[in-house]
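Written out below as C-alpha cells is the structure these notes cover.
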Number of protein chains: 2
Amino acid sequence: MIDIRRDGQSSRSALLDVLMRKPAERRPMWFMRQAGRYLPEYRAVREKAGSFLDLCYNPELASEVTIQPLRRYDLDAAILFADILVVPHAMGLPLRFEEGEGPILQPVRSLEDLAKLKPLVSSHEVRQVCRTVAWTRSQLPADRALIGFCGAPWTVASYMIGGGSSDRVIAKVAAYQRQPWFVALMDRLVVESVDYLCAQADAGAQAVQIFDSWAGDLGGSELDEFVLKPIQAIIDGVKERHRDLPIIVFARGIGSRQKKAAELNGANAIGIETELELTELPSDVVVQGNLDPVALLAGADVAAAEARRICASVQRNRHIFNLGHGIRLGTDPAVVGAVVEAVRRFDD
Amino acid sequence: MIDIRRDGQSSRSALLDVLMRKPAERRPMWFMRQAGRYLPEYRAVREKAGSFLDLCYNPELASEVTIQPLRRYDLDAAILFADILVVPHAMGLPLRFEEGEGPILQPVRSLEDLAKLKPLVSSHEVRQVCRTVAWTRSQLPADRALIGFCGAPWTVASYMIGGGSSDRVIAKVAAYQRQPWFVALMDRLVVESVDYLCAQADAGAQAVQIFDSWAGDLGGSELDEFVLKPIQAIIDGVKERHRDLPIIVFARGIGSRQKKAAELNGANAIGIETELELTELPSDVVVQGNLDPVALLAGADVAAAEARRICASVQRNRHIFNLGHGIRLGTDPAVVGAVVEAVRRFDD
C-alpha cells in the first residue's frame, strides 16, 4: 500500500457511504481531472510514458497518476486515469491526440461505418484499462474509493460523429433528424458502455461516473431520447450485473432539466456544473459539485471562500464536494490544497 | 417606404404591444442574427461594403442589411445591424476583424488602460450607428418595430479584457478577485451603455435588447454583482430618460437564475436560450425565444415541428418567438421561411 495523505483514521469510505445514504464520517471530496497536467508529478510521468494514449494504456503509469493527487491531498476518492475516447478506440476506431489540437478520430456517420465497430470488452485497450483499475485498487487503503467512468452515449457519439472535434453540429443535426445510423450508434454505445463499466467494476472500481459533458446541447424530446434514456439504460444494464455499484450521473449543463436527471432510477448522485444551485434538487438527492474551476485560478482566498459558500448551502450527508468541471491547466496545486483544507475545516 | 413582406394589414406593432402587455394582433417574431451571412443578399452588400466594420459604420448599407430579412419574411421587427464591440471601439480602442479569426481588440487590464477610454456618445462610430437607426426607422412601416441593442457590461468587458477573444478566463479571474480596474470598467460600461441605448432611442429605436452572451459564465455572487446589477443599472438609467422604451434582457445561459433576471425592475421581456423551458418563468413575464438555431440546420420539417412545440408551450400574448441564439452560417433561408410560416399558422 502506498503512502497517501490521510488526515483521518477511518477504514470506511465516506464517498461510498454518502452514495449509499449511510452515515458518513465526513463530507466526501474529489475533483474532476484531479490527476492532470496542473501537477508537476503528473507531467513527469507523462513525459516518461510517451503519448497521452500510451499513458492511458500503461497500467503501471496510469495507476501512478491516478493515485498522485491522493498523495498531495486528503481526498476520498481516486478516479481512474483514462479518456472517454477509450470506448470508440477500443471498438476499433483509429484515434490520435495531436499536441494542442485535441483528439482526431476516424468519423462514424453511416450504418456502414457502424458495422465495422468491434465489441470493446475483449480489446487490448479495455484490458489495459482494467489492469489499471485492479492495480490502483490494490494500492489504495480501504477508506479511499476508486471511481471508474465512461462517457455517456451522446457525448461519445458526438466525438465519434465529429471525428474527435468538440463541434457537435453534425451530431445535433443527426439527432434532430433521428438518422437511423445515429439511433443505432446510440443504442450500440449503451451496450458497450454497460460492458465497459461492468468490466471496470469487475476489476475493482467501487463506484462509476457517467460523464455526459455535452448533455447541455440538447433540449426538448432530444434530451429525453438521447441523454436521459440512454443513461437510464446504462444504469439498468450495469445494476443488473452489479446491483450495489453506486452510479454518479454528470449530465453537464442541462439546466433546470437536472430535476429529470435526479429522477433517473438507480442514479446514486447527480453532478452539477453551475446551471443550478445544488440545493435546487430535491433534498433526498445526493448532489456532487459544483465549485467553478476558474475560481481556483483566482487564488486560495477566493477559492476557499467559494468552497465554504457551497458547503454552507448543502448538508454534508447528501453532498460530494467537487468542481463543476475539470481542474484547468495552470491551476496552482497549492490553491487546490487550500480548498481541500477549507472543506475539511468547514465541517469540523 | 420600402417593399417588405407583409401578410397582415395592421398598423400596430405586435412586438411593441406584447412588450407593453397590450393585446397584440399576432405572436411577434424576429430572429437573432436575422441579418447575416446565411442570406445571399447580405453577402452581396457585405462584399460591396468592404470590411465588416465598414459595413457597421455605413448607414446606408447597414440599414439595407437591417431591412433585408423583412423583405423575405413576415417578421415583426428589424434589429439594428451593428456589433457589440461598437462600444469599446467608440470609446477609442483599436479594433479589427480578421477573417475567420474573430475580433482583435486592444486589451484593457488596468486602471491606466481604462483612463485612456473616451465617452462614446460624441464618437464618429456612434453617430454613424445612430444614422443607421434613423434611416432604417424611416424606411419601415408602422407595424414593424426597430430594435436597438448593446452588449451587457460583463460580455463587453470580457471581450475588452480578453483582447477580443471569446476566452473569458482572465475576465472571470478579475471578477472573482474584484480587481479595482475590473469593477471600474464595469461601472464605466454601465454609463456608456445607457448613453448608447438612449442615443439609439433618440434616433428612432423603439425597443432595445441588452445582450449578455456570456452571462452563463458567472454564478453565485458574481452573477448578482456583474450580470444582474449592471443590467438593472442600465435599465434604470435608460428608463430615466426614455420611460416607455421597452427593454428585452437576454442573459444567455444563466440557468435557473433566469428567475432572478425576470425580477429585474423594468425588464419588459426575458430572452432564454435553452437552459429553461419558456414556461418555467412566472406567467406574468414576457418570454422571448427559444428555438435552437441548430434545429434550422436539420431541415424545414424538424425546424417547423420544434417551432410548433415552442408555440404550444406558451401563450402568444406573453411570447416573442425567436431563436435561443443567432442564426448560424449555412442555414438555408428556405428553412427560416418554413419556421415563420409554421409560427404564423400555429395561431390561426
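Please treat every number below as a calculation from the coordinates, not as lab data. Note that the coordinates shown come from a computational prediction; the quantities given were computed from them, not determined experimentally. Neighbour counts are summed over all protein chains in view; Cβ atoms, including those assigned to glycine, are modelled from backbone coordinates with ideal geometry.
General remarks:
- Within region B:23-118, GluC sites (Glu not before Pro) in DSSP loop having at most 12 other beta-carbon neighbours inside 10 Å: B:99, B:101
- Added length on full extension, which subtracts the Cα-Cα distance from 0.36 nm per residue, residue A:347 to residue A:96: 85.9 nm
- Whole-Å distance, taken between Cα centres, linking region A:56-80 and region A:241-259: 23 Å
- Within 10 Å of the Cβ of each residue in A:275-287, the mean number of Cβ atoms contributed by other protein chains is 2.
- Subset of A:172/A:229; A:229/B:172; B:172/B:229; A:48/A:116; B:229/B:259; A:116/A:239 violating a 25 Å alpha-carbon distance limit: A:229/B:172; A:48/A:116; A:116/A:239
- Between residue A:283 and residue A:127, the simple spin-label model (points 7 angstrom out along Cα→Cβ) gives 5.3 nm.
- Charge dipole (Cα centre; +1 on Lys/Arg Cβ, -1 on Asp/Glu Cβ; no other charges) of chain A amounts to roughly 440 debye.
- Taking θ as phi - 60° and the Karplus parameters 6.51, -1.76 and 1.60, the scalar couplings of region B:89-100 work out to 5, 5, 8, x, 7, x, 9, 9, 10, 8, 4, x Hz in sequence order, x denoting glycine and proline.
- Region A:245-336, Cα convex hull volume normalised per residue, Å³: 99 Å³
- Dmax and Rg, reported as Rg then Dmax, of chain B (C-alpha, Å): 19.0, 58
- Its alpha carbons considered, region A:276-325 gives a radius of gyration followed by a Dmax of 10.9, 34 Å.
- Placing a label point 7 Å from the Cα of residue B:166 along the Cα-to-Cβ direction, the distances to the matching points in the other copies come to 1.2 nm, shortest first.
- Region B:209-278: GluC sites (Glu not before Pro) falling in loop per DSSP and having at most 16 other Cβ within 10 Å: B:263
- Placing pseudo-labels 7 Å out from each Cα toward the beta carbon at residue A:224 and residue B:191 gives an inter-label distance of 5.3 nm.
- Region A:120-146-region B:303-340 distance, computed between alpha-carbon centres (Å): 48 Å
- All aspartates and glutamates inside 18 Å of residue A:22 as judged from Cα atoms, apart from same-chain residues fewer than 8 positions distant: A:76, A:143, A:244, A:284, A:347
- Ascending list, in nanometres, of distances separating the residue A:202 label from those of the other copies (7 Å, Cα toward Cβ): 7.6
- Binned Cα-Cα distances of region A:216-288, short to long, each 5 Å bin given as a whole percent: 3, 18, 29, 23, 18, 7, 1
- Test item: B:292-302 mean partner chain Cβ contacts at 10 Å: 5
- Rg to Rh quotient for region A:174-272, alpha carbon positions, Kirkwood Rh: 0.97
- Counting only alpha carbon atoms, the long axis of helix B:59-72 and the longest principal axis of chain B meet at about 30°.
- Rounded to 5, percent antiparallel among DSSP beta bridges of the protein assembly as shown: 15 percent
- DSSP-defined antiparallel bridges as percent of all bridges, region B:25-284, nearest 5: 20 percent
- The other copies place their residue A:224 label points at 3.7 nm from this one, listed shortest first, where each point is 7 Å from Cα along Cα→Cβ.
- Sorted fewest first by neighbouring Cβ atoms within 10 angstrom, B:160, A:20, A:91 come out as A:20, A:91, B:160.
- Size of electric dipole in region A:1-135: Cβ of Lys, Arg +1 and of Asp, Glu -1, about Cα centre, debye, nearest 20: 420 debye
- Whole-Hz couplings from phi, Karplus 6.51/-1.76/1.60, listed for region A:227-243; x for Gly and Pro: 10, 6, 5, x, 5, 4, 5, 5, 4, 4, x, 5, 6, 5, 9, 10, 4
- Under the convention that each Lys and Arg Cβ holds +1 and each Asp and Glu Cβ holds -1, the size of the dipole of the protein assembly as shown around its Cα centre is about 440 debye.
- Taking region A:274-289 and a reference point 7 angstrom along Cα→Cβ of residue A:312, the backbone N atoms nearer than 19 Å belong to A:277-280, A:289.
- Relative counts (whole %) of C-alpha pair distances in region A:50-100, using bins that are 5 Å wide: 4, 18, 24, 21, 17, 9, 5, 1
- Treating r as the C-beta distance of residue A:113 and residue B:243 and R0 as 45 Å, the FRET efficiency rounds to 0.15.
- Computed from backbone phi, the HN-Hα couplings of region A:51-57 come to 7, 4, 5, 4, 5, 4, 9 Hz, rounded to whole numbers (Karplus: 6.51 cos²θ - 1.76 cosθ + 1.60, θ = phi - 60°; Gly and Pro given as x).
- As a calculated quantity, the FRET efficiency between residue B:167 and residue B:106 at R0 = 22 Å, using C-beta atoms, amounts to about 0.85.
- At R0 = 22 Å, FRET efficiency that the Cβ-Cβ distance of residue A:43 and residue B:177 yields, to 0.05: 0.25
- Converting the Cα gyration tensor eigenvalues of the protein assembly as shown into ellipsoid dimensions via √(5λ) gives semi-axes, longest first, of 46, 28, 23 Å.
- Zone residues, region B:131-172, relative to residue B:11, backbone N less than 15 Å from point 7 Å out along Cα-to-Cβ: B:141-144
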